Amino acid sequence: MPTVDARPFPFAFELNTTALLVIDMQRDFLLPGGFGESLGNDVAQLRRTIEPLTVLVNAWRAAGLPIIHTREGHLPDLSDCPPAKLKRGPMIGQEGAFGRVLIRGEYGHDIIDELRPAEGEPVVDKPGKGAFYATDLHKILDNEGIRSLVVTGVTTEVCVHTTVREANDRGYECLVLADCVGSYFPEFQQAGLRMIAAQGGIFGWVAESPALIKEIAR
Ligand code: C5J
């Protein structure tokens, strides 16, 4: 069984029951001049994930393993955006540099060019932070017999963390790749990763992508 050097202890997984989850690598969050940056965030903190994640995605595809992408966003009429979310995110639905912010179908809502999904790879649109809430993700994974998830994307302490917690409660084993997840806030990146692997792996495991790539390339 492939085994990855990870915290808090090595992560063993089966290739035929493991999927790669790429969370919210969207222009609105990652592009200079976009929504994320307009809030005063340093997008370079997220953009450092692009290169290692591209390498991983290419290796994962070459091995013929399943990849699922997610996007955070809302219907154009905002009917799926809870008023409480809108109240604390008043830019949602407003015109931004890359179209209406976090609205499905807009340029900014879509995935960055470097990580464009390949033909046949599911893209799960989600209205919340977690990828399981109000989506078909669990059904998609269940149909494929997936039991373990390699979790990547942005942001570490928000959509990545929420998704890992949701997955953990649904019985999935999660490996989070430290170099392939990013936060605008270095202190949240560090704390977020520590929380995953603390207490004997309370939410899962943390590793670096080269350790995983080594295992799938065998
Ligand atoms: C945020 C996300 N940070 N994808 N979304 O609002 O983490």
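The values are calculated or read from the model by the stated rules, or taken from the named source; none is laboratory data. Bear in mind the structure is a predicted one, so any value in this text is a computation, not a measurement. Neighbour counts run over all protein chains shown; Cβ positions are idealised from the backbone, glycine included. Note: areas computed on protein heavy atoms with side chains; ligands, DNA, RNA excluded. Shrake-Rupley method; radii C 1.70, N 1.55, O 1.52, S 1.80 Å.
Among the residues of the range 167-202, write down those that are without any contact (Cβ under 8 Å) to a residue 60 or more places away in the chain, among the aromatic types (Phe, Trp, Tyr) and within 16 Å of the ligand (Cβ to nearest atom).
Phe188
Mind telling me which of the residues Ala118, Ala131 ends up being within 13 Å of the ligand (Cβ to nearest atom) and either of a type in the set (Gly, Ala, Ser) or touching a Cys at 6+ places or on another chain (Cβ under 9 Å) (or both)?
Just one listed residue meets the conditions, Ala131.
Restricting to the range 88-114, what's the tally of residues that are of a type in the set (Lys, Arg) and assigned to a loop (DSSP other than H, G, I, E, B)?
Final tally of qualifying residues: 1.
Hey, which of the helices (runs of 4 or more DSSP H) in the range 115-218, taking only ones fully inside, have at least 2 residues that are open to solvent by 70 Å² or more (accessible area, probe 1.4 Å) and over 29 Å from Lys85 (Cβ atoms)?
On the way: elements: 137-143, 161-169, 186-201, 209-216.
Because the criterion is at least 2 residues that are open to solvent by 70 Å² or more (accessible area, probe 1.4 Å) and over 29 Å from Lys85 (Cβ atoms), the helices (runs of 4 or more DSSP H) in the range 115-218 that meet it are 209-216.
Which condition from (1) touching a Gly at 6+ places or on another chain (Cβ under 7 Å); (2) more than 13 Å from the ligand (Cβ to nearest atom) is the one that Arg61 breaks?
Among (1) touching a Gly at 6+ places or on another chain (Cβ under 7 Å); (2) more than 13 Å from the ligand (Cβ to nearest atom), the lone unmet condition for Arg61 is (1).
For (1) assigned to a loop (DSSP other than H, G, I, E, B); (2) buried (at least 17 other Cβ atoms within 10 Å of the Cβ); (3) within 14 Å of the ligand (Cβ to nearest atom), each residue gets a yes or a no:
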{"residue": "Met1", "(1), (2), (3)": "yes, no, no"}
{"residue": "Leu21", "(1), (2), (3)": "no, yes, yes"}
{"residue": "Phe29", "(1), (2), (3)": "no, yes, yes"}
{"residue": "Pro32", "(1), (2), (3)": "yes, no, no"}
{"residue": "Leu86", "(1), (2), (3)": "no, no, yes"}
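Tally up the residues in the range 138-166 that are in contact (Cβ under 8 Å) with a residue 60 or more places away in the chain, aliphatic (A, V, I, L, M) and more than 10 Å from the ligand (Cβ to nearest atom), please.
Total meeting the criteria: 6.
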